[in-house]
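What follows is one structure encoded as structure tokens, with my remarks underneath.
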Amino acid sequence: MIQIAPSILSADFLHLSEDVDLVNRHADLFHLDIMDGSFVPNISFGFPVVEAIAREARRPLDVHLMIVDPGKYIERFAQAGAAMISFHYEAALDESDSIIDLIHSFGVKAGIVINPDCPVEKIFPYLDKVDFVLLMSVFAGFGGQKFIPESLERIRSVRKELDRRGRRIPIEVDGGISPDNARSVIGAGAEILVAGSSVFKAADPAAAIAAMRL
Ligand code: DX5
Ligand code: ZN
């Protein structure tokens, strides 16, 4: 099943309830980008915004941590209402295993994320343990960037390795996804599509979401 996860980073923060309503009615997950100005050069939003969205959300919250020392904040995001939490392998390295355990200890689904320049093999040791994989198709840090075409080959490689292991977990892809490239991203083996600007900057966001499911 294909799931569309609109990235709230591109929402209208002055009228957030309208965009939350859009996701509730037309999409599958809330993708929440947490940036600390250190792991990535940008700062996004934190607990008050996540908690406010959680109060109105009728779809699961998918929290994408782009922060240093991700283990430090797992409990807070679990308490804030996250159903899925992903952390960057590049920020966790040898601690990845214990961070996955920590996420699971709160009954939350765990995902591991890599940027486009990180070899996919780096996350293979965790594929039997995580509940989903998040592959960045732009460099983490900003919305509105252009999809990197080489990402398709990376999706295929991870899907192949998951198949080899008999793991039926979804691959989520994040960055530059729109109705124009959704079909090839799905064709490569992705099941969760994150989309920020192509949803919230569209003239008809509901139609943009529907177009990406095809
Ligand atoms: C980038 C974020 C993305 C971003 C996607 O660091 O992880 O989730 O908001 O935005 P678009 O779809 O505009 O590339
Ligand atoms: Zn993201």
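The values are calculated or read from the model by the stated rules, or taken from the named source; none is laboratory data. These numbers were taken from a predicted model, which means no experiment stands behind them. Ideal geometry is used to build each Cβ from the backbone, glycine not excepted, and the neighbour counts take in all protein chains shown. In case anyone asks, the SASA skips ligands and DNA or RNA and just uses the protein heavy atoms, side chains included. Shrake-Rupley method; radii C 1.70, N 1.55, O 1.52, S 1.80 Å.
Odds and ends about this structure:
- Total residues in the range 121-135 satisfying the condition of being open to solvent by 10 Å² or more (accessible area, probe 1.4 Å) and either in a loop (DSSP other than H, G, I, E, B) or not acidic (Asp, Glu) (or both): the figure is 7.
- Filtering LEU61, LEU16 for residues that are under 25 Å from ALA202 (Cβ atoms) and more than 15 Å from the chain's Cα centre (by Cα) leaves a single hit, LEU16.
- Residues (within 21 Å of ALA207 (Cα to Cα), assigned to a loop (DSSP other than H, G, I, E, B) and open to solvent by less than 10 Å² (accessible area, probe 1.4 Å)) located in the range 22-43: ALA27, LEU29
- Checking each residue in the range 96-120 for being open to solvent by 30 Å² or more (accessible area, probe 1.4 Å), part of a helix (DSSP H, G or I) and touching a strand residue (DSSP E or B) at 6+ places or on another chain (Cβ under 9 Å) picks out ASP101, LEU102, HIS104.
- Inter-residue pairs, beta-carbon under 6 Å, first more than 21 Å from GLY175 (Cβ to Cβ) and modelled with pLDDT of 95 or more and in the range 49-75, second open to solvent by 20 Å² or more (accessible area, probe 1.4 Å) and assigned to a loop (DSSP other than H, G, I, E, B), 6+ apart: ALA54/GLY81
- Qualifying residue in the range 12-25 (condition: touching a residue at least 60 places away in the same chain (Cβ under 8 Å) and away from ligand 1 (no atom under 16 Å from the Cβ)): yes
- Residue, farthest from ligand 2 (Cβ to nearest atom), within the range 139-169, restricted to residues that are part of a loop (DSSP other than H, G, I, E, B) and more than 21 Å from LEU9 (Cβ to Cβ): GLY166
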